[in-house]
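A.B. asks: Here you go, one structure.
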Amino acid sequence: MTQTAQKTPQLEPSWLAVMGDAFEQPYMQKLRAFLLEEKRGQTVYPPGADIFNAFWATPFDDVRVVILGQDPYHGAGQAHGLCFSVRPDVRPPPSLVNIFQEIRTDVGVPLPDNGNLLPWAKQGVLLLNSVLTVRAGQPQSHAGQGWEQFTDRAISELNRRREGLVFALWGSPAQKKAQSVDRSRHLVLTAPHPSPLAAHRGFFGCKHFSQINAHLVSRGQAPINWALPSIVPPR
């Protein structure tokens, strides 16, 4: 394999068409060098093959809803490239449990038995973290290394090229990150972060999930099915 081929980013083709040139920018080359150095002496999550999963799971032209997170889960086996999501065999973290509780209250969906949000992503919900990697056990350890510029670009392209998207922004970091979204062309929903420290300040009761679906239906689109398939085999 040539050196050029080794550096080819594994983005889904529609995202590559609008974002591919970002990989040649100095900040991304610096980020690549940083990650290579990190992996020599540290464990980095998610695994390399999963870093861009949000883009693969939800192609650019399929995005209907954008949910922004901060950085990946930093525990072993949790992060797999979709914000707030964990692998099916991993217990949902507290913030995700709170999200499920609000969904149950808002739209009547029962609490799931797993925290894998891939079924949402397949319906057009882009589950995007601001920072796409993290050092094991050290939250925000890869902040300020270039990922924010890359994900800002993704939001900018969605804002500019698409119409009628829903941006669900939970917590001040997400709200600041997407403050340039054109609210005359997209629906922007804001609430406190679903973490245990903030959820009771207004995330509970925000009714974002029903509002998202009402907006989609008003545009002639199918609503999001917020229910997750069970991983427990039937008896």
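A.B. asks: What residues have an amide H closer than 5 Å to that of residue 129, excluding those fewer than 5 places away on the same chain, when H is modeled at 1.01 Å from N in the peptide plane?
C.D. replies: Here the answer is 69, 83, since their amide H atoms fall under 5 Å of that of residue 129.
A.B. asks: So, R0 is 30 Å and r is the distance between the beta-carbons of residue 179 and residue 225; what FRET efficiency does that work out to, to 0.05?
C.D. replies: 0.50
A.B. asks: For segment 172-207 and segment 66-117, what is the separation of their Cα centres, given in Å?
C.D. replies: 17
A.B. asks: Further question on the same structure: Go ahead and estimate [θ] at 222 nm for the chain from helices alone: -39,500 (n - 2.57) per DSSP H run with n ≥ 4, summed, over the residue count, rounded to 500.
C.D. replies: Working: 9 runs with 82 residues, N = 235.
Taking each H run of at least 4 residues, the total per residue is -10000 deg cm²/dmol.
A.B. asks: How much space per residue, in cubic angstrom, does the convex hull of the C-alpha atoms of segment 130-210 take up? Present the calculation step by step, with values, prior to reporting the outcome.
C.D. replies: Details: hull volume 8.6 nm³, N = 81.
Enclosed volume per residue, from the Cα hull, is 107 Å³.
A.B. asks: Can you work out the PRE-style zone for residue 217? Point 7 Å along Cα to Cβ, and I want the residues of segment 107-146 with backbone N under 16 Å.
C.D. replies: Those under the cut-off are 107-109.
A.B. asks: Among DSSP beta bridges whose residues both lie in segment 1-142, state the antiparallel percentage, nearest 5.
C.D. replies: Restricted to segment 1-142, the bridges split so that about 40 percent are antiparallel.
A.B. asks: While we're here: What lysines could a cross-link reach from residue 39, if we take a straight Cα to Cα line under 19 Å and drop same-chain neighbours fewer than 8 places away?
C.D. replies: 7, 30
Bear in mind these aren't lab numbers, they're just calculated from the coordinates by the rules spelled out. Since this is a predicted model, take the numbers as computed values, not measurements. Ideal geometry is used to build each Cβ from the backbone, glycine not excepted, and the neighbour counts take in all protein chains shown.
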